[in-house]
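The values are calculated or read from the model by the stated rules, or taken from the named source; none is laboratory data. Predicted, not measured: the structure shown is a model, and the values here were computed from it. Here the Cβ is made from the backbone with ideal geometry for all residues, glycine too, and neighbour counts use every protein chain on show.
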Ligand code: THU
């Protein structure tokens, strides 16, 4: 295993653990996400649903919020790993792509993993080539 594979495998362990904390009585999908910051710290989040469905918070955005809360400098983290039950590989939703575009490094890579061997990865620019930005 090379170093990038090792760090993705470690991040997957954290994303999986985060997915176990999901509050998802409506969809029953358990999603976890982990963010590796530039200092080597890992931040995680899970999906948190609500009876008013539109209030649902996705795992990726919760992981990024946790990272910012812990002092991560916006625009520096380069790796995100997503894990979700009930999906072969979950592609991040548009809202998460927008938020990831703003808070991750420009060359960040997002991995969505079923397990260590079955995953997809995208650059943040592939996921959202033209994010909304304020002039
Ligand atoms: N979900 C995420 O956590 N991340 C995504 O990128 C897409 C969807 C969650 C929201 C909801 O709790 C469940 O997956 C089904 O939509």
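Points to keep in mind about this one:
- Every condition in (1) closer than 18 Å to residue 91 by Cα; (2) within 10 Å of the chain's Cα centre (by Cα) is met by residue 48 except one, and the failing one is (2).
- Of the residues making up the range 59-69, just one is buried (at least 22 other Cβ atoms within 10 Å of the Cβ) and more than 9 Å from the chain's Cα centre (by Cα), namely 67.
- Taken over the range 2-24, the residue count meeting the criterion of being under 23 Å from residue 88 (Cβ atoms) and assigned to a loop (DSSP other than H, G, I, E, B) is 4.
For every residue, the table says whether it meets (1) surrounded by fewer than 20 Cβ atoms within 10 Å (Cβ to Cβ); (2) within 17 Å of residue 76 (Cα to Cα); (3) touching a residue at least 40 places away in the same chain (Cβ under 8 Å).
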position: 11; (1), (2), (3): no, yes, yes
position: 14; (1), (2), (3): no, no, yes
position: 19; (1), (2), (3): no, no, yes
position: 32; (1), (2), (3): no, no, yes
position: 45; (1), (2), (3): no, no, no
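- Residue within the range 48-66 that is in contact with a helix residue (DSSP H, G or I) (Cβ under 9 Å, 6 or more places away or on another chain), away from the ligand (no atom under 15 Å from the Cβ) and at pLDDT 95 or above present: no
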